[in-house]
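Notes for the one structure printed next.
What follows is calculated from the coordinates using simple rules that are stated; it is not laboratory data. Predicted model, so just to flag it, every value in this text is computed and none were measured. Positions of Cβ are generated from backbone atoms using ideal geometry, with glycine treated the same way; all protein chains shown enter the neighbour counts.
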Amino acid sequence: MAVVTITRQFGAGGSRVAELVARSLGWTVVDREFVEEVARRAGLPAEEVAARQERAPSLMERLVRTLASASPETYVPAAADGAAEPAEERIVRLNEHVILEAAAAGRAVLVGHGARFVLARAGREDALHTYVVAPREARVRTIMERQSLAEADAARTLDATDADRDRYVERWYGRRRQDPANYHLVLNTGWLGYDGAADLVVAAVRHGGWT
């Protein structure tokens, strides 16, 4: 089953594009908010996270139950003496776990968290990889509005966030996140708009026969 990955420049609207793509295809979005919620609650019994229902569990329920039933030490911070696996690496592995489980289920739009590179390392070929970009000035304006920041503060936030994301991918996967050769589609929302970018992704998925 195919999936779409959306890597994005900060402020370019990648999450919004993902929502539109998923809505058009009837797929599930796996984005930052879900991953953070799973990380926060994964130590709880699965029943407290995802209610059991008399039907096949949704992708979200499956992900939560899989993570909640995993070994508890996966979610415990590293010991002060450094004997345990570093907390940062545990977070990376948690993200990878979510991404690979979602990819195994298919029909999902995976946003950020190095999903494109996680799937490449796992040898998954049934994915459409996209990179959502926009002009810097447009992204700064978006961040100013979204976070109620002055222009200079928004610009600093933009640069810091993109730099962090670049370092994450380079450190853990040895790839350059901003290299267009990593993607099937590079989508400029400053020109296409969110709807136009989403339409191209949906068309590419259908062209590939993945629906």
- Note on the structure: Among 169, 201, 184, the residue whose Cα sits farthest towards the positive end of the charge dipole of the range 167-211 (+1 at Cβ of Lys and Arg, -1 at Cβ of Asp and Glu, taken about the Cα centre) is 169
- Note on the structure: The FRET efficiency for residue 23 and residue 170, from their Cβ-Cβ distance with R0 = 35 Å and rounded to 0.05, is 0.60
- Message: Can you sort 200, 20, 187 from fewest to most other Cβ atoms within 10 Å of each residue's own Cβ?
- Response: 200, 20, 187
